[in-house]
Amino acid sequence: MSGSVVDNTVSPGNSSVAIPTDISGQILDLDEDDDLEVFSKDTTPTDGSSFNASMQTSPASMINQYKFEEDAEDTKDIFVTVDNPESHVTAIETYITYRVVTKTTRSEFDSSEFEVRRRYQDFLWLKGRLEEAHPTLIVHPLPEKFVVKGMVERFNEDFIETRRRALHRFLNKIAEHPIFSSSEDFKIFLTAPSGELSSHKKQGPGFLSRMGETVKAVAAAVRGVRNRPLEFTEMQEYVEAFSQKISSLDKVTQRIVREQKEYLEEVKESGPAYALWSQSEEELAEPLKNVAGCVDRCCKETEEQVKNLNDHLIPVLHEYVLCTDTLKAVLRRRDNIQADFEAKTEALATKKADRDTMRDDLDKAEDRLEWANNALKSDWTRWQKVMRTDLRSAFVDTAERNVSYYEKCLAVWESFLHSQRTDAEGNGNVDFS
């Protein structure tokens, strides 16, 4: 990979990094190099209690904005590819950038094709901006955060490829979303030169503002929600059950892959053992050599099978493990918005001064709550449809690959049996019936 620095305008600890809703143990991460982190479970930049000026506050406009079209996937007009990772080394850090190529027919873009380079921090920024603008829409998770300190080799090829695939999937999920794909921040991410993106990132809320919103979120969480609608309680129960099931399946699948790798190493040792034995057993030399050959061929098929599980099933399962954390964060933000509305309602009932101002605030809080509820209900339906399609596809693909794997191994051993039957019939002294 190239060692040239393409995007050195983005530094670790950039002031645009947002404070998560749960800030315990994470404040120091603002000064760390996010590109040393493999996967990020949930970096939630907004609590939902703030009101963004871009939000639609009219109930009619909310219904129009969050009407998700069933045939959206048939009219896809933006395609994004993440590839060509490059390593960059400076005096203070080592990081990876990825090429992001966009092809589109949308009229709001100045050209039909764009090519930029982005690093992991830039993806984090995009995710944060989308969550800030749409606190109760479901943003697909980024690869999770895992800080590894003291490593001599910070980035290996497996790490980089795993992250590249996850980032590619993240951007394409955004591109397929009926609301996120039209976001100005998404457009800037896809098209802006590195320096322009860096300037744009600095225009976000400052540290104190974000800290204030975090404190408000904590207060709302402590206060709690008195009258949560039943449908959102049912969503929470579904997410908890889904989280347990998908996490269990993810762990079991990863354990199966580990055990298959261990099995593969053991089997690899048996092939040479059969071959060595054939040199000292003249009468069995041919069968032993054939067994050794069969073992070697089956080892190659097993290696391919393990690779397929690593590349196709495990990433999908793990993404949806991370999705459960995203869903929980979205539901918390919805609750925070409702808690804010309930607090304003109580304040209006108990205070006599400034009632007009308080009533205006209450009306805005009510509109914000209705907006949040409508957005979440619509996106929840969309997310479930996408989730079921993704998992069904992954399971069918795994089943087909398993069938192919076992058929190939079966054919290998059947050919061995056939050769032995032929030899036995020629000699006339062995019965295989």
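The values are calculated or read from the model by the stated rules, or taken from the named source; none is laboratory data. Bear in mind the structure is a predicted one, so any value in this text is a computation, not a measurement. Glycine also receives a Cβ, built like all others from the backbone with ideal geometry; neighbour counts cover every protein chain displayed. Heads up: the accessible areas ignore ligands, DNA and RNA and are worked out on the full protein's heavy atoms, side chains in. Shrake-Rupley method; radii C 1.70, N 1.55, O 1.52, S 1.80 Å.
Run the numbers on segment 260-364 and let me know its relative contact order in percent, using alpha-carbon pairs under 8 Å that are six or more apart.
This gives 19 percent for segment 260-364.
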**OP:** With a 1.4 Å probe and every protein chain kept in, tell me what percent of the accessible surface of segment 224-424 is carbon plus sulfur.
**Re:** 52 percent
**OP:** Using label points projected 7 Å from each Cα along Cα→Cβ, tell me how many nm separate Gln236 and Ser199, to one decimal.
**Re:** 4.6 nm
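Using the crude model of +1 on Lys and Arg Cβ and -1 on Asp and Glu Cβ, and no other charge, please compute the dipole size for segment 224-424 relative to its Cα centre, in debye to 20.
1000 debye
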Original post:
Relative to the present Cα-Cα distance, how much length would full extension add between Asn402 and Arg165 at 0.36 nm per residue of separation?
Top reply: 83.0 nm
Original post:
Once Lys and Arg get +1 and Asp and Glu get -1 on their Cβ, which of Pro229, Ala347, Trp371 lies farthest toward the positive end of the dipole of segment 224-424?
Top reply: Ala347
Subject >> FRET efficiency, 1/(1 + (r/R0)^6) with R0 25 Å, evaluated for Asp311 and Ser182 via beta carbons >> reply: 0.20
**OP:** Roll a 1.4 Å probe over the protein heavy atoms and report the accessible area of Tyr320 in Å², nearest 10.
**Re:** 0 Å²
Subject >> segment 75-204 - convex hull of alpha carbons, volume per residue in Å³ >> reply: 122 Å³
**OP:** Would you calculate the separation in nanometres between label points at Glu269 and Arg226, each defined as 7 Å from the Cα along the Cα-to-beta-carbon direction?
**Re:** 6.9 nm
Original post:
Any idea what % of Cα-Cα pairs in segment 224-424 are farther than 22 Å?
Top reply: 67 percent
Original post:
Roughly how many Å² of Val321 are accessible to a 1.4 Å probe, to the nearest 10?
Top reply: 20 Å²
Original post:
How high is the FRET efficiency from Trp413 to Ser280, r the C-beta distance, R0 25 Å, rounded to 0.05?
Top reply: 0.55
Subject >> Spin-label model distance (nm) - Lys245 vs Cys299, 7 Å beyond Cα toward Cβ >> reply: 4.0 nm
Subject >> Gyration tensor over alpha-carbon atoms, segment 273-345, equivalent ellipsoid semi-axes in Å >> reply: 63, 8, 5
